[in-house]
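These notes are about the structure you will find just below.
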Amino acid sequence: MVAAFRTAAEITDSWCRRNPRSFPPIVINITDGVSSDGDPTEVAQQIRETGTEDGNVLLFNLHLSGMPNPSVVLPNDTAGLPDVYAKTLFNISSELPPTMLEATAVAGYEVKAGARGFVYNAEAHMVVEFLDIGTRAVTPTGLKELTDGRES
């Protein structure tokens, strides 16, 4: 995980320097939750502190497991997270920006202020929804308003 985040840090830093007026990159880490090469906190912070004029890079984490633990979806705190690995993933995840908070409501999720781009023990349908919300373009419903002729 640390090595992957180092690569992501290099890519996002370079991209942000070349595209300073763009929406910042979104990094989505899909993981079993355990970093086998050290603590990812420092390099994750480096990623989240890189940005463009429009904001910092967004780092989201999607945890997959066969464990019987209940899913925790887009939490705003560590309550309900069972171990230090899940709490680390929460802590290194970016808060959802306002448009993504709106997108979660459109998708039927109830989230609170400070919700982070993190899902613990995601079910299959949550993976697709998380990727959709995490990569949603322009508006809470994606490009629908732009393609159906309505103005928002």
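Tell me, what % of the accessible area of the chain is carbon and sulfur with a 1.4 angstrom probe?
Values: 4360 of 8420 Å².
Roughly 52 percent of what the probe reaches on the chain is carbon or sulfur.
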Span-like helix ranges in the chain, DSSP H, alpha carbon extent 15 angstrom or more, Kyte mean at least 0.5: 124-134
Accessible area (Å², per residue) of segment 1-129, counting only protein heavy atoms and a probe of 1.4 Å: 53 Å²
Among ARG21, ARG116, ARG48: highest mean-square fluctuation, GNM of the chain, C-alpha pairs under 10 Å: ARG21
Förster radius 25 Å - calculated FRET efficiency between ASP77 and GLN45, Cβ distance, rounded to 0.05: 0.85
Two-site label geometry, SER36 and GLU95: point separation in nm, points 7 Å out along Cα→Cβ: 3.5 nm
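Roughly speaking, what is the stretch gain from GLU10 to VAL84, that is 0.36 nm per residue apart minus the C-alpha to C-alpha distance, in nm to one decimal? Could the numbers behind the result be given before it?
On the way: separation 74, 0.36 × 74 = 26.64 nm, distance 2.68 nm.
Full extension from GLU10 to VAL84 adds 24.0 nm.
What number, rounded to the nearest 500 deg cm²/dmol, is the helix-based mean residue ellipticity at 222 nm of the chain, given -39500 (n - 2.57) per DSSP H run of at least four residues and division by all its residues? Could you put the intermediate results ahead of the total?
Details: 6 runs with 59 residues, N = 152.
Here the helix-only value at 222 nm equals -11500 deg cm²/dmol.
Protein chains only, probe 1.4 Å: how do TYR120, TYR85, TYR109 rank by accessible area, largest first? Please report the intermediate quantities before stating the final value.
Values: TYR120 10, TYR85 115, TYR109 50 Å².
Descending order: TYR85, TYR109, TYR120.
Going by the alpha-carbon gyration tensor, a ≥ b ≥ c the square roots of its eigenvalues, is the chain rounded (a/c under 1.5) or, if a/c is not under 1.5, prolate (a/b greater than b/c) versus oblate?
Numbers: a/c = 2.06, a/b = 1.15, b/c = 1.80.
Judged from the Cα gyration tensor, the chain comes out oblate (a/c at least 1.5, b/c at or above a/b).
The values are calculated or read from the model by the stated rules, or taken from the named source; none is laboratory data. As the structure is a computational prediction, the values presented were derived from the model and not from experiment. Please note: Cβ atoms are built from the backbone with ideal geometry, for glycine as well, and neighbour counts cover all protein chains shown. SASA here: full protein model, heavy atoms, side chains in, ligands and nucleic acids out. Shrake-Rupley method; radii C 1.70, N 1.55, O 1.52, S 1.80 Å.
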